[in-house]
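A.B. asks: After the structure tokens below, expect a handful of questions from me.
Where a number appears in this text, it was derived from the coordinates with a stated rule and is not lab data. Everything quoted here is computed from the prediction, not taken from an experiment. Counting neighbours? That spans all protein chains shown, and the Cβs are built from the backbone with ideal geometry, glycine included.
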Amino acid sequence: MLELTGIIQWVGGIVTSISNSLGLPQIIIDIILILLIAVAIFAFLMLMALYLIWMERKVSGHIQDRLGPMMTGWHGWAQTIADALKLLQKEDIIVANADRKVHYWAPIVVFTACFAVYAVIPFGKGMLAADVNIGILYILSITTFTTLSLLMAGWASNNKYALLGGMRSASQIISYEVPLTLSILGVVMMAGTLSMGKFVELQGPYIWKWYVWPQFIGFCIYLIASTAELNRTPFDLPEAEQELVAGFNIEYSGMKFAMFFLAEFLNMFTVGAVTTTLFLGGWNPPLPALAFIPSWVWFLGKSLFIVFVIMWFKWTYPRLRVDHLLSFAWKVLLPISFINIILTAIGITIF
Amino acid sequence: MGYFKEFFSGIYNLLLGLKTTAKYLPERAVTLQYPKEKWPMPERSRGIVVLLSDPDTGELNCTACLLCQKACPVAAITITQAKNETTNKRYPKTFEVNNTICCFCGLCEEACNFDAIKLTGLYEFATFDKESLIFQKEKLQELGRNVKYEKKRKSVAKKPAAKSETTETKPQSAAPSDPPKGEEA
């Protein structure tokens, strides 16, 4: 069995038996278990973020007929680790007249927010940390913290470019949050639940039952709007290198910058994971016969495919202008997502 | 109606863009991993100057005639002449090429009548001090040890048989290079 459920139960059993033999109260056992799960997810996500950066560099390289990192290890597998070590050694600079407290907290907020999302993401069979009944609502509210932190970073840096970047990020996410939520609404209407675990259960291991087919418009809108929420090309106005140098993170150095960078890639994986859960059947295999491949492999594969598509967008499309960006959100995505909701409602009533 | 037309043509164009980048994704990268892989340098590439030796005897072809020193537009070459008393032949006592001012024009190679000096495809000579870029005779000879070259020289005294072969085959290749020499001289 390659499923990790057994290992999780085994570790849980060991912790419980040790704690019982020591005579600890139940609440402490629970806290220890929760901490173990959190540390496991955190370690996985750190590794994931490092390798997403590597993947981004490889994908961008090969799209441009380059090779990407090649020097550190086999095909440069240790490149991001080397970069992270370099960033750890760097001086943490805070500019003069910066709002020091806000400057300090901005990377922590963005990092905490993107990490907190993973509490409700089902990684595999029996690998859901907290099956809350408002899972998707929780994700939508937590991911908006990113905007807050970008605005904090932009404001606190005492830099015009950073402030402009933060402002652009805020305006962009306010606009794109609407079609994003409305595109999810179609799935929520079909499933009749907000729980992430239920979405996976309802779709089941049958590719034709996945919500990507009836909700294809919603899927496309979700992908576009979440690309905009991620501040990635073609919607990367908050960190437009050519106009704003680097946008909100211009005055950050060392590990704080690394936290912004890792959070960006973790958010990308979040989008992949949420898209997989909502539209692509979560950890279910496409056919029941393919269930011999463990569920977490299916989940990772689908999520990484979505991440790859977002990277593919980045190396295909040029950046939009600000007014084009906003008019695209309000004049194209919003009407279509309303049409999608109406069609979904009609479909539910008929069938 | 224009709205919908624009909408669908937009989608079509976006997909076209994705198709283009997807086409390049599996293609072989054109990158050359430079310190590990290198371009083969063409035979007549103008890199660093070396002194050529006779492949049979291992001695320098140079007769210290000073033609290259005179041809050099930036005066990068400095030669001290000497005479071997036993064989009664001239040879360069010192031969110094200052690579900090060499402009790799190749005029010294054209001026030489004895296949003694040649510009090679070698180009990796980055160092930390200028002094080490001034190459002496021994270094130049060592660099030119394995350099292949085409014999232009007509009078080789030692091998009569080889001489007749070269004179038969070489005139065509040697002839075009003669007029420029005359002009420069």
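A.B. asks: What distance in nm separates the two pseudo spin-label positions at A:Val245 and A:Trp208, each 7 Å out from Cα along the beta-carbon direction?
C.D. replies: 5.8
A.B. asks: Roughly speaking, what % of Cα-Cα pairs in the stretch A:148-257 are separated by over 24 Å, rounded to a whole number?
C.D. replies: Distances greater than 24 Å cover 41 percent of the Cα pairs.
A.B. asks: Sticking with this structure for a sec: For labels at B:Tyr123 and B:Thr86 in the simple 7 Å Cα→Cβ model, what's the distance in nm?
C.D. replies: Between B:Tyr123 and B:Thr86, the simple spin-label model gives 4.3 nm.
A.B. asks: Then there is this: In the stretch A:199-239, if every C-alpha pair distance is counted and binned at 5 Å from zero, what percent goes to each bin?
C.D. replies: 6, 23, 18, 16, 14, 11, 9, 4, 0
A.B. asks: When the Kirkwood hydrodynamic radius is evaluated over all pairs of different C-alpha atoms of the stretch B:17-101, what value in angstrom, to one decimal, is obtained? Walk me through the numbers before you get to the answer.
C.D. replies: Working: mean 1/r = 0.0572 Å⁻¹.
Hydrodynamic radius (Kirkwood, Cα only) of the stretch B:17-101 equals 17.5 Å.
A.B. asks: For B:Asn99, which sequence-distant residues (separation of 5 or more, or a different chain) have an amide H within less than 5 Å of its own amide H, given hydrogens modelled in the peptide plane?
C.D. replies: Long-range HN contacts for B:Asn99: B:Ile134, B:Phe135.
A.B. asks: How large is Rg/Rh for the stretch B:62-144, to two decimals, with Cα atoms and a Kirkwood Rh?
C.D. replies: Over the Cα atoms of the stretch B:62-144, Rg/Rh equals 0.97.
A.B. asks: List the residues whose amide H sits under 5 Å from the amide H of B:Thr94, counting only those 5 or more places along or on another chain, with H placed 1.01 Å from N in the peptide plane.
C.D. replies: Distant-sequence amide H within range of B:Thr94: B:Thr80.
A.B. asks: Provide the FRET efficiency to the nearest 0.05 for the A:Trp330-B:Thr78 pair, computing r from the beta carbons and using R0 = 56 Å.
C.D. replies: The computed FRET efficiency comes out at 0.15.
A.B. asks: Going through the stretch B:84-134, which GluC sites (Glu not before Pro) have at most 14 other Cβ atoms within 10 Å and a DSSP loop state?
C.D. replies: When the GluC sites (Glu not before Pro) of the stretch B:84-134 are filtered for loop state and at most 14 Cβ neighbours within 10 Å, B:Glu85, B:Glu124 remain.
A.B. asks: Work out, step by step, the length gained on full extension between B:Met1 and B:Ala29: first 0.36 nm times the residue separation, then minus their alpha carbon distance; give nm to one decimal.
C.D. replies: Length gained between B:Met1 and B:Ala29: 5.7 nm.
A.B. asks: May I have the extent of the alpha carbons of the protein assembly as shown along their three principal axes, as whole Å values ordered from largest to smallest?
C.D. replies: 109, 74, 61
A.B. asks: Counting other Cβ atoms within 10 Å of each Cβ, which trypsin sites (Lys or Arg not before Pro) in the stretch A:29-107 have at most 11 and sit in a DSSP loop?
C.D. replies: Counting only loop positions with at most 11 other Cβ atoms within 10 Å, none of the trypsin sites (Lys or Arg not before Pro) in the stretch A:29-107 qualifies.
A.B. asks: Which residues does a label at A:Asp131 reach in the stretch A:265-284, if reach means a backbone N under 18 Å from a point 7 Å past the Cα toward the Cβ?
C.D. replies: So the set is A:277-278, A:281-284.
A.B. asks: Among B:Ser132, A:Gly281, A:Ser141, which residue has its Cα positioned farthest towards the positive end of the charge dipole of the protein assembly as shown, with +1 placed on the Cβ of Lys and Arg, -1 on the Cβ of Asp and Glu, and the dipole taken about the Cα centre?
C.D. replies: Final value for the positive-end residue is B:Ser132.
A.B. asks: Compute the separation of the alpha-carbon centres of the stretch B:60-123 and the stretch A:297-338 and state it in Å as a whole number.
C.D. replies: Value for the Cα centre distance between the two parts: 66 Å.
A.B. asks: OK, next. So what are the ³J(HN,Hα) numbers for the stretch A:22-30, from phi and the Karplus equation (6.51, -1.76, 1.60; θ = phi - 60°), rounded to whole Hz, Gly and Pro as x?
C.D. replies: Working through the residues one at a time gives 7, x, 7, x, 4, 4, 5, 4, 4 Hz.
A.B. asks: Pulled fully out, how much extra length does the chain show between A:Leu85 and A:Phe216, if you take 0.36 nm times their separation in residues and subtract their Cα-Cα distance?
C.D. replies: 42.9 nm is the gain from fully extending A:Leu85 to A:Phe216.
A.B. asks: Let me have the relative contact order for the stretch A:34-176, percent, based on Cα pairs under 8 Å that are six or more residues apart.
C.D. replies: Taking the mean separation of contacting Cα pairs over the length of the stretch A:34-176, I get 18 percent.
A.B. asks: I'd like the distance between the alpha-carbon centres of the stretch A:26-98 and the stretch A:165-228, rounded to an integer number of Å.
C.D. replies: 27
A.B. asks: Mean 1/r over all different Cα pairs, inverted: what Kirkwood radius does the stretch A:47-148 give, in Å? Please report the intermediate quantities before stating the final value.
C.D. replies: Working: mean 1/r = 0.0592 Å⁻¹.
So the Kirkwood estimate lands at 16.9 Å.
A.B. asks: Which residue, A:Gly204, A:Gly281, A:Gly76, has the most motion in a Gaussian network model of chain A that connects Cα atoms within less than 10 Å?
C.D. replies: Of A:Gly204, A:Gly281, A:Gly76, the Gaussian network model singles out A:Gly76 as fluctuating most.
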